[in-house]
Amino acid sequence: MSPPLAITPADPFAPESLRLAGALWAELSTLYPEMTAPPFPPRDIAGERAVFMVASLGERAVGCGAVRPLPGDGADVAEIKRMFVAPEARGIGVAHEILRTLEEWARTRGYRVARLETGLRQPVAIRLYERAGYYPIRRYGHHADDSLAVCFEKSLAGATDCGP
């Protein structure tokens, strides 16, 4: 029997949070060696309308994700950032549960829309977002000129689940 999955808010500067963010950055650097942008700084997940969540199986942190206000897009638009699941915990629904938890957190804080960006070389992530009801949109913000970026959006108004 596997340990229960728990997804809880965490300090983005905590050692486990930084370890997960570092693992995400290492994976992205392998997938996108041409990437020059620095990793998402933890300080960008500050304030009462932002959160960093860690997914744990028992005592082991295996995934993360964040919500923050999308700069310049109004008070009701959230950006989902730093979705990551450790390889040993993939394929068992952890990413789906992180996404569902982030969406619910955003909804209860007045966000009506969620946007996110992933990359063309991440087909599993693209499928996750499509199955969760996200639809492709024009690249936005600093992703606007990035030909490897794929951006998505979903209405959070009235939504109760993020798909199968």
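FYI, it's all coordinate maths here, none of it is from the lab. Predicted model only: the values in this text are computed from it and were never measured.
Structure summary
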item	result
Residue-by-residue Karplus 3J(HN,Hα) for segment 82-95, coefficients 6.51, -1.76, 1.60, Hz, glycine and proline x	6, 6, 7, 10, 4, x, 6, 10, 7, x, 10, x, 5, 4
Cα-based convex hull, segment 95-159, per residue volume (Å³, whole number)	82 Å³
Expected 222 nm ellipticity per residue - DSSP helices of 4 or more, -39500 (n - 2.57), all of the chain, to 500	-8000 deg cm²/dmol
Beta bridges per DSSP with both ends in segment 5-155, % antiparallel, nearest 5	90 percent
Gyration tensor (alpha-carbon) shape descriptor, the chain, a/c threshold 1.5	rounded
